[in-house]
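Accompanying notes for the structure given below.
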Amino acid sequence: MMTYGGIQKVTVTKGDEVKEYFSLQTAFDEAADGSTVTLLGDANLRNDVIEIMVYEGEKNLTFDLNGKSLTGTNGLLNVYIGVNLTVKGGTIGGPDPDNPCGIAICNIGGKVNIENLTISNCREGINNGEEWLDKETSVPGELTIGSGVKISATETAIDNYVGKLTPTALPILSWGEDGRGITL
C-alpha cells in the first residue's frame, strides 16, 4: 500500500512502547531520544520535506525503512544540529527518473549514519553541509557511510562541501554521464 503527501503509516518504538502515526513529520517530532521510527508502507511525500530537529540537547534516532520506499520530488530528509540519525533498510529518492527528488538526505549540522540503503533518482543523493549558529559559528555535518549503501541515478552522489565524511565501507556509486560521484 502506497501513501501520499502528508500521510505515511509509521511506528515509533522506544523500549517496549510502540506508538502508531500517520505522518513521518509527527513521528519524528514526537520521537524520544533512543527511539526507532519504522516505515510500514511505501510512501510518496510529493513536495513535502521531513525536518528532523531537536530544540534542546541531542536526540539519537533510527529511521528503519523496513524494506520500503520513501519517495518525493523535493528534498526528503533534512537533519539538523543535535540530531544523531541512522537511516537504514530501504530505498529513498525520486519516484522515477523523470521525477527525481532534489536531495534525498540533507545533513545540516547533524550526525547521519547510513547503512543498507539505496538512494536513487535524485539531483543530489546526500548533501553533507553545515548549520550556521551565528555570524562566526557554524557546525559541520558528520556523515558515516556503512555497509550496503548504493547510490545511483543521481547528478551528484555525495556533496560533502564542508562536512566530515567517514566511510566505514565503500558505497556502490553510479551516476549519469554528466554526473559527479563525491565532491569534496
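The values are calculated or read from the model by the stated rules, or taken from the named source; none is laboratory data. All figures in this text were calculated on a predicted structure; none of them were measured in a lab. Because the Cβ atoms are built from the backbone with ideal geometry, glycine has one as well, and the counts that use them run over all protein chains shown. Each accessible area value is taken on the protein alone, full model and side chains, heavy atoms only, with ligands, DNA and RNA left out. Shrake-Rupley method; radii C 1.70, N 1.55, O 1.52, S 1.80 Å.
See the values below:
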{"quantity": "Accessible-area ranking of 64, 29, 48, 98, largest first, probe 1.4 Å", "calculated": "98, 29, 48, 64"}
{"quantity": "Cα-centred dipole magnitude for segment 13-166, charges only on beta-carbon of K, R (+1) and D, E (-1), debye, nearest 20", "calculated": "360 debye"}
{"quantity": "1.4 Å probe accessible area per residue over segment 33-184, in Å²", "calculated": "45 Å²"}
{"quantity": "Charge sum, other residues only, whose C-beta stays under 14 Å from residue 162's C-beta, Lys/Arg counted +1 and Asp/Glu -1", "calculated": "-3"}
{"quantity": "Simple Cβ-charge dipole of segment 113-157, Lys/Arg +1 and Asp/Glu -1, about Cα centre, in debye nearest 20", "calculated": "280 debye"}
{"quantity": "Under 13 Å, Cβ to Cβ, from residue 148 - net charge with Lys/Arg +1 and Asp/Glu -1", "calculated": "+1"}
{"quantity": "Residue 49 accessible area, assembled protein chains, probe 1.4 Å, Å²", "calculated": "40 Å²"}
{"quantity": "Length-normalised contact order for the chain - Cα pairs under 8 Å, 6+ apart - percent", "calculated": "14 percent"}
{"quantity": "Model label zone, residue 164; criterion: amide N under 14 Å from point 7 Å along Cα-to-beta-carbon; scope segment 89-114", "calculated": "109-113"}
{"quantity": "Peptides 80-89, 118-127 ordered by average Cβ neighbours within 10 Å, highest first", "calculated": "118-127, 80-89"}
{"quantity": "Relative contact order [Cα under 8 Å, 6+ residues apart], segment 39-144, whole percent", "calculated": "24 percent"}
{"quantity": "Theoretical FRET efficiency, 1/(1+(r/R0)^6), r = Cβ-Cβ of residue 66 and residue 136, R0 30 Å, to 0.05", "calculated": "0.10"}
{"quantity": "Selection from 40, 110, 141 lying farthest towards where the dipole of the chain points positive, charges on Cβ", "calculated": "40"}
{"quantity": "Value at 222 nm in deg cm²/dmol, rounded to 500, when DSSP H runs of n ≥ 4 in the chain each add -39,500 (n - 2.57)", "calculated": "-1000 deg cm²/dmol"}
{"quantity": "Carbon and sulfur %, accessible surface of the chain computed with the full protein complex present, 1.4 Å", "calculated": "48 percent"}
